[in-house]
Structure formats: structure tokens, C-alpha cells
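J.: Okay, handing you the structure first.
The values are calculated or read from the model by the stated rules, or taken from the named source; none is laboratory data. Since the structure is predicted, the reported quantities are computational estimates derived from the model, not experimental observations. Positions of Cβ are generated from backbone atoms using ideal geometry, with glycine treated the same way; all protein chains shown enter the neighbour counts.
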């Protein structure tokens, strides 16, 4: 992960990149392949949509884009939980990703609350 834990843009990008790297090395089952592709999409989408937040012109637009970010992060969280429960990866492999995902969700929720 990035040295600067407070740069949200970097953290979201690092989270997405970590997901990509995890699946780049692992042979997958049908379920693993399906979930991997979906997790890559949702984790990358959260980072890409956060880029849209930075260019949003109004508070309402920022909130809307942050909510999309939050939705994608929550989807990533559910996906990681399913993979953990299905033992597609060990809990050790997923622990750091699940922790970072949870922290990112908390940060986005706080950002949304602070705009209102």
C-alpha cells in the first residue's frame, strides 16, 4: 500500500491494483474466475469514480459520485466475504484487502456526511 495513508485517491488505486495482482498469480475455478472478474471491476470502479468526485462541480454531484464509490466498495466487500467463506483464498491472503476495503468504506461514508 501507499506510504501516504491519507491520500484517498492513491489508496483507492492501490486497493484496485492489489486486487489485480492477487488474481494475476492464482489459477482459478469457475467460481473464482467469476468472482475475480467482478471484484476487479468493482474495485477499479471505486477508484475511477473517485476521480470523478474530484472533478465534480456541485456538492450534489460530489455526493452522487461518492455514493457510487461507496456502492462499488460495498460490492467489493461482499465479494471478498463470499470468497473467504467459500475458501477460494486463505483468510491470510484476504485479511489485508478486507481491512483496507473496510477502511475505505468508512472514509467515503465520512466524506459524504461532511458534505451534507
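J.: Please find, among 66, 22, 39, the residue that is under 10 Å from the mean Cα position of the chain (by Cα) and in a helix (DSSP H, G or I).
T.: None of the others qualify; the one that does is 39.
Conditions (1) under 15 Å from residue 18 (Cβ atoms); (2) out of contact with any helix residue (DSSP H, G or I) (no Cβ under 7 Å at 6 or more places or on another chain), marked per residue:
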| position | (1), (2) |
| --- | --- |
| 77 | yes, no |
| 82 | no, no |
| 86 | no, no |
| 97 | yes, no |
| 106 | no, yes |
| 110 | no, yes |
| 116 | no, yes |
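J.: Moving on. Looking at residue 57 and the list (1) under 21 Å from residue 8 (Cβ atoms); (2) without any contact (Cβ under 8 Å) to a residue 12 or more places away in the chain; (3) part of a helix (DSSP H, G or I), which single condition is not satisfied?
T.: (3)
J.: Go through 52, 100, 92, 72 for me and flag whichever is in contact (Cβ under 8 Å) with a residue 60 or more places away in the chain, in a helix (DSSP H, G or I) and either over 16 Å from the mean Cα position of the chain (by Cα) or closer than 14 Å to residue 12 by Cβ (or both).
T.: It is 100.
J.: Further question on the same structure: Report yes if some residue within region 88-107 is farther than 27 Å from residue 24 by Cβ, at pLDDT 95 or above and surrounded by fewer than 19 Cβ atoms within 10 Å (Cβ to Cβ); otherwise report no.
T.: Narrowing region 88-107 to residues farther than 27 Å from residue 24 by Cβ: 106.
Next, from what is left, pick out any that are at pLDDT 95 or above: 106.
Checking the rest, the ones that are also surrounded by fewer than 19 Cβ atoms within 10 Å (Cβ to Cβ) come to 106.
Scanning region 88-107 turns up at least one residue that is farther than 27 Å from residue 24 by Cβ, at pLDDT 95 or above and surrounded by fewer than 19 Cβ atoms within 10 Å (Cβ to Cβ).
J.: Considering (1) outside any helix (DSSP H, G or I); (2) in contact with a helix residue (DSSP H, G or I) (Cβ under 7 Å, 6 or more places away or on another chain); (3) in contact (Cβ under 8 Å) with a residue 60 or more places away in the chain, say which one residue 11 fails and leave the rest.
T.: With respect to (1) outside any helix (DSSP H, G or I); (2) in contact with a helix residue (DSSP H, G or I) (Cβ under 7 Å, 6 or more places away or on another chain); (3) in contact (Cβ under 8 Å) with a residue 60 or more places away in the chain, residue 11 is out only on (1).
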